[in-house]
Structures are given as C-alpha cells and as structure tokens.
1. Under 9 Å from the Cβ of ARG289, count the other residues' Cβ atoms, weight Lys and Arg +1, Asp and Glu -1, and hand me the total.
2. If one computes the Cα centroid of the range 113-187 and of the range 241-291, what distance in Å separates the two points?
3. Using a 1.4 angstrom probe on heavy atoms only, work out the carbon and sulfur share of the accessible area of the range 88-157 in %.
4. If I stretch the segment between MET92 and PHE216 completely, what's the gain in nm (0.36 nm per residue apart, minus their alpha carbon distance), one decimal?
5. I want the local charge near TYR188. Using Cβ-Cβ distances under 14 Å, sum +1 for each Lys or Arg and -1 for each Asp or Glu among the other residues.
6. Non-local amide H neighbours of LEU194 (under 5 Å, H modeled in plane, Pro and chain starts lacking H): which ones?
7. Could you tell me whether the range 93-184 comes out rounded, prolate or oblate from its Cα gyration tensor? Rule is a ≥ b ≥ c as square roots of the eigenvalues, rounded for a/c under 1.5, then prolate if a/b exceeds b/c, otherwise oblate.
8. Please give the per residue accessible area of the range 137-234, computed with a probe of 1.4 Å over protein heavy atoms only, in Å².
Amino acid sequence: MKATKVLGMALLGMSIIMASCTGDQGERGPKGDSIKGDSGAPGKDGIACWDTDKSGVGEPSEDINQDGVFDALDCQGAPGNDGQDGSDKPNMEFYFQDGFKGYDGTHDAYISGQATFTNFGGNHVFRVSHDNNNQTIKRNSVIRFAGIDDITTDLVEGSETCTDGFYINKATLYVYLSSYTKTGVGIYQPAIQLYCGFYNGGTNDPMFEQMEATWFLGNADTNWFVEGGQSFLFDYGLNTGNDDYIVPIQFNELAEGSGTVGWVAIPLPRSLMNQWICNPEENKGMRLRIDETELNSDEVVLEFISSDNPNKMDLRPLLVIETEDVDPAAGKMAPSSKAKDWDSMSYEEKMAPLYRYFAAKEAN
C-alpha cells in the first residue's frame, strides 16, 4: 500500500516536471462584431511556473489566481490572439432576371408602327427596327423591371431613409442581341446608335403592361403621351424631352449582312435608378429605338432575347445593380472612389458584373 502511494507521488512529480514552463496557449480573443466590431480582448500573459530553480522539482512560482494554493491553475498560457475587427456592411450586387431565384418582374415588348393595334408582349424576342423606304415599318421596344425596390430591405436600416441609406455605384442592363440584318445598296454601317429613353415618373406617362402595350397604348386604359411609346418627359439624354441617351452597337461587318452580336451592355443613370428604387411608383421603365437619321442602310432589324423565351433562359434581359452601403455618421457620403467612368472602362470591366452573375448562378 505504501509502495503504491510512493509510486503515485513519483508519477505525479514526473507529470509536473514534464509540463511546459510556458503553460498552455491562452484562448483566442473573441471575434469582433460583424458590422462595427472592436478587437477582441487578448488572452492573459503566460508565466513560467514549473521547475523554476532547475532542480528537477516543479512547483508554482506564484499564487497567481490568489486562491491560497500553489497548483497548476496558477500557470497561465501565452497571450491569445486579438479578435478580428468587424467591418462595415459590404458592397452588394443585385441581379434581376426572370427565372432567377423566383424573380418574374421583367416586362418587355415591342410595338409596331405597321401593326398599331397588335400586342407583341409574349414573343420570344423583342425587336427594334427601321426602314428608310417605308416609314411605317418601324418597331420600338419597351422594358421595365418591377420590384427592384425590394433591395432596400437589405440596405436601409430603421433609422435611415432610402436616399441616404446606400449609393448605387453602377447599374447595367444587359440585353442579348441574337440576330440582326442590314440591307441596302452601297451600305456602310459598321455601328448604329441605340436611342434609350427613360420614363422617369412623368404623370403623363402610363405604367405600361407587357401584354397590353401597342403602338398607341401603354396599357389597356391609357395611351402613350405620343404614339410609339414617346414620353412626356425624356430627360436623361443631352436634351430635355428627347430620348437621345445613346448606346452604340458594333456590327461584325461594314457592309450589308446579318449575324449575332451577343450581349449588349447599357449603362443606366445612377440617379434614375435611385429614383426608381426609392419611389417604385415612378419606375415606368424605358424605350429603345433606332433613329432613322443615323442609318445609311435601307433597313436595320435588331432582335433581342425576351424575358419570355423558354429555350434561352440565361440570355433573358438582366439588370445588375451594384450598391455601396453608407454610414452617414462615419462621413461616408460619396460613392466609392474606385468607381470608374463608363467610357473609361474596358470591355472586360463592362462585362464583369455579367460574368459574376453567371458565377453566382452556377454556384446556386
């Protein structure tokens, strides 16, 4: 019995001597808050407390926890790592394309100067065209994205207003030009100007409905201000009242021909997007057309994949809104300095949100 006790004490002494002089590693400090966290508190300093006199007999060097007993609890580990600082809410991108995560708010249709009472809202394509030899063979297209104001639930906190809760760094509409034709003798038409007019809430502009819009009507009950989808107040181009907000489309050849261009990126005015998001009743969409004065050809016809196309869902119109959350109290009252002017961007930079969308879509 006595031998057993001695053996036990010997083993205890050996375990004490084998213990590290620096003690166990202190615990990691708590992680900072995900919004505006502070650094976590560091762990307590470690103290060498066993075998301090190198005699081979270990003992605490100090009653660190002041409980009157010199034991292993008096050994503290090395300092724990500081917790990471919390960060502001990140910049976010929002994607709107019919069929993606249940979204079905895209309204797109073309209206025809030849079939003035016909609705073309359910077609698999929407068209923009002009024929210099026949002024009635003209097609314009209208498009809007309903429900984009839902992004405020992620960006606007209880104490903020919609207008000061976030900034729009960039908003881009991507439409897929699946087919074009250019006809005419002696044509020289390497590119055309696509004229964009934005309905920005004018009281005389109807809220057009995809399955009701015609050359004369925005919806079943209300005419366009002027036939063909003309607005009462187009004012985001060079001249107020005109839809001269221009996006060039480059063709694959100089002379007459046909083909496919692919994705066309249309930058949207940030102030307009903010207005549509914060005042959803003013989100009445936009119109696309070709100006006949820009055409050297007899006829140009553009066909874009529509939101109703069941076979090419990935090529449906896509709206990407890039936002930056702001904290007025922190003095962050301007869009990111990293934002570049559209004209100074490379093709890859203009298409980057589209590529990110497809990557996110694939991941889901």
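1. Charge balance near ARG289 sits at +1.
2. 6 Å
3. About 47 percent, which is the carbon plus sulfur part of the accessible surface.
4. 40.7 nm
5. With Lys, Arg at +1 and Asp, Glu at -1, the neighbours total -3.
6. VAL247, ILE249
7. Because a/c hits 1.5 or more and a/b exceeds b/c, the range 93-184 counts as prolate.
8. That works out to 38 Å² for each residue.
The values are calculated or read from the model by the stated rules, or taken from the named source; none is laboratory data. Predicted model only: the values in this text are computed from it and were never measured. Note that each Cβ is placed from the backbone with ideal geometry, even for glycine, and that neighbours are counted across all protein chains shown. Surface areas here come from the heavy atoms of the whole protein model, side chains and all, with no ligands, DNA or RNA. Shrake-Rupley method; radii C 1.70, N 1.55, O 1.52, S 1.80 Å.
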